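The values are calculated or read from the model by the stated rules, or taken from the named source; none is laboratory data. Note that the structure is predicted; figures quoted are calculated from it, not measured. Cβ sites come from the backbone with ideal geometry, for glycine too, and all protein chains shown count toward neighbours.
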Amino acid sequence: MAGATLTKESVSRRPEWPLSLLRNVVPKWPDREWLRVAITALLSLILQRLWQRLLQKRQQIADVRNWVDSVDLENVQACLLTTVNLKTCGRIEKRTVMASRLSKIFTNSYIRDMVLQAAAKTTEEDPFVCRYLRMEDRWNVLVSALNHLSSLFGPYHLFSNQIASYESCWYVFTLVGSRTRGAGRFFVTPRHPLSKDVGAMRVRLVLISEREIRQICSGDISAEDGEAFSERHSARWNLMRRFAEMFEKQLSRVTKTPEGCLDVRSISWGNNLCGTVKASLKTAPMQSELKDPDINNFLRIHVPVPLMRETKVMGMEDVVLYE
């Protein structure tokens, strides 16, 4: 047997029970479909993970670039501008009222992209976002912002509804898209090492007291050349002055009073509390007025400010400077 060799006959006579056992234990998958499904699922998972990593890397690069360039277009800042310290030290004070995600204020992606595209067109000389929106879209954009601003003062409205101890205050607001480039942010630490002194590029809701706007229109509040605290405060004043020009023009259109004959100190908006110029199908001149880019760029908002004393009148009162 030691010298025996394997022949075809000896091989054919070998027992076949191991192969038969394997055939019975391992199920017969037709054309090995399970293997193709498993490989496809594995490749899909790998591609999905790679795509997610790629998106995360792109977002990280974009975040770093926006941080370096001081760009923040994902958030909206609502701020109050006031001239309370303009005469004493030449400052236009800015106070943050609210900060929120852009997607929270404008939940519709189409409107959100429209606002961002309009904000990209603004300049320091013309910073108003609504001027670059269609006239029929301005109302919806401003109302979306109005709803969030009004919610900040919700407790005041509940308070004024029960107790006549408040002052009826009116504010005007608009959307601004440009950044402030003037120096003056780090005036407290003038030796602070900076490569550039610019504000963040973001969409802002600028809120101004209507009383102050009327005083700017009438000339009761003014700023002479060289009086501003810094270039940054000078830029804020220019924004308020430009806002006042739009306010006076729109007030003239709503009240149908020529601008030269308009007593901006005391004239009321009448029943048009929102302060918008509305279209009329009967009058063709009104249709042409709506093509003016300075029209319908802002809305009014009522804030009942609680007081420590009780007033005699309950309900909204319009702005009256001089009685």
request  = Identify all residues within segment 43-70 that are modelled with pLDDT under 90 and either surrounded by 15 or more Cβ atoms within 10 Å (Cβ to Cβ) or among the basic types (K, R) (or both); write none if there are none.
outcome  = K57, R58, R65, N66
task = Could you grab me the full set of residues in segment 76-95 that are part of a strand (DSSP E or B) and either acidic (D, E) or over 15 Å from R241 (Cβ atoms) (or both)?
result = V76, Q77, A78, C79, L80, E93, K94, R95
request  = Check off (1) crowded, with 22+ Cβ neighbours inside 10 Å; (2) touching a residue at least 24 places away in the same chain (Cβ under 8 Å); (3) of a type outside the set (G, A, S) for L152 and give me the number that stays unchecked.
outcome  = (1)
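What about T257, is it under 19 Å from R211 (Cα atoms), of a type in the set (V, I, T), modelled with pLDDT of 80 or more and in a loop (DSSP other than H, G, I, E, B)?
no
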query = How many residues are over 12 Å from N296 (Cα atoms), of a type in the set (D, E, K, R) and over 14 Å from the mean Cα position of the chain (by Cα) when one looks only at segment 94-144?
reply = 6
message = So for segment 256-273 (the condition being in contact (Cβ under 8 Å) with a residue 60 or more places away in the chain and closer than 18 Å to C169 by Cβ), does at least one residue qualify?
response = no
task = Output the number of residues of segment 100-110 satisfying the condition of being surrounded by fewer than 17 Cβ atoms within 10 Å (Cβ to Cβ) and either modelled with pLDDT under 90 or among the aromatic types (F, W, Y) (or both).
result = 1
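Yes/no matrix, rows are residues, columns are (1) in the same structural domain as L80 (by TED's automatic domain parsing); (2) in a loop (DSSP other than H, G, I, E, B); (3) at pLDDT 90 or above:
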site	(1), (2), (3)
N140	yes, no, yes
N147	yes, no, yes
W170	yes, no, yes
H192	yes, yes, no
R202	yes, no, no
I208	yes, no, yes
